[in-house]
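We did not get these values from a lab; they are worked out from the coordinates using the rules stated. Bear in mind that the values here come from a model prediction, so they are computed numbers and not experimental data. Cβ sites come from the backbone with ideal geometry, for glycine too, and all protein chains shown count toward neighbours.
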Amino acid sequence: MEFIIKRFEEFNLKDFYEIIKIREQVFIVEQDCVYQECDGKDENAFHLTCMEDGKLMAYLRILEKGVSYDEIAIGRVLVKKEYRGRGLGKKLLEKAIEFIENELKENEIRISAQNHLTSFYGSFGFETVSDMYLEDKIPHVEMFYKNSIQ
């Protein structure tokens, strides 16, 4: 299992196509949610993939400050259906936070989390900072992480 972080421009077309395909599979098809997947934010993001034997298992993107929020943001967090239950989501988020703190030298992260995942994100130190709202007809809350050690 290998975790790889790349900028948008570092991907070849085939590899980024696989990312878009899995994002649509999870967020549009599985969640039965119609929304604009290609939102213009990918070019201003780091893309963290979890690969094994050339297969994409899990993914998230780290958005630069000012793209979605004043702080760095994490979004599009997913684990492909056949790889769920193996702790990949936890490992993926750990890698993302580590990258943000150690490489980007940032200690604040803001996310829009599906309401049913607040305890998952809370286990990493994210705190709910908004009331519930609907995003693409799915209940979400805004959550904020601050590492006060740095």
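Taking strands (runs of 3 or more DSSP E) as the structural unit, those lying wholly within the stretch 1-88 and holding at least 1 residues that are basic (Lys, Arg) and on the phi > 0 side of the Ramachandran plot correspond to 72-79.
Look at Leu104 and say whether it is more than 15 Å from the chain's Cα centre (by Cα) and either in a loop (DSSP other than H, G, I, E, B) or not acidic (Asp, Glu) (or both). So Leu104 fits the description; yes.
The residue list Phe144, Phe120, Phe124 contains one member that is part of a loop (DSSP other than H, G, I, E, B), out of contact with any Ser or Thr (no Cβ under 6 Å at 6 or more places or on another chain), over 21 Å from Arg7 (Cα atoms) and aromatic (Phe, Trp, Tyr), which is Phe124.
Each residue in the stretch 110-150 was checked for being more than 16 Å from the chain's Cα centre (by Cα) and acidic (Asp, Glu), and 3 of them qualify. Picking from residues in the stretch 127-141 that are of a type outside the set (D, E, K, R) and not in a loop (DSSP other than H, G, I, E, B), the one that is surrounded by the most Cβ atoms within 10 Å (Cβ to Cβ) is Val141.
Which is in contact (Cβ under 8 Å) with a residue 12 or more places away in the chain and either under 14 Å from the mean Cα position of the chain (by Cα) or closer than 21 Å to Asn115 by Cβ (or both), of Cys38, Cys33? Break it down stepwise before answering.
Numbers: Cys38 fails: either under 14 Å from the mean Cα position of the chain (by Cα) or closer than 21 Å to Asn115 by Cβ (or both).
Checking each option against the conditions leaves just Cys33.
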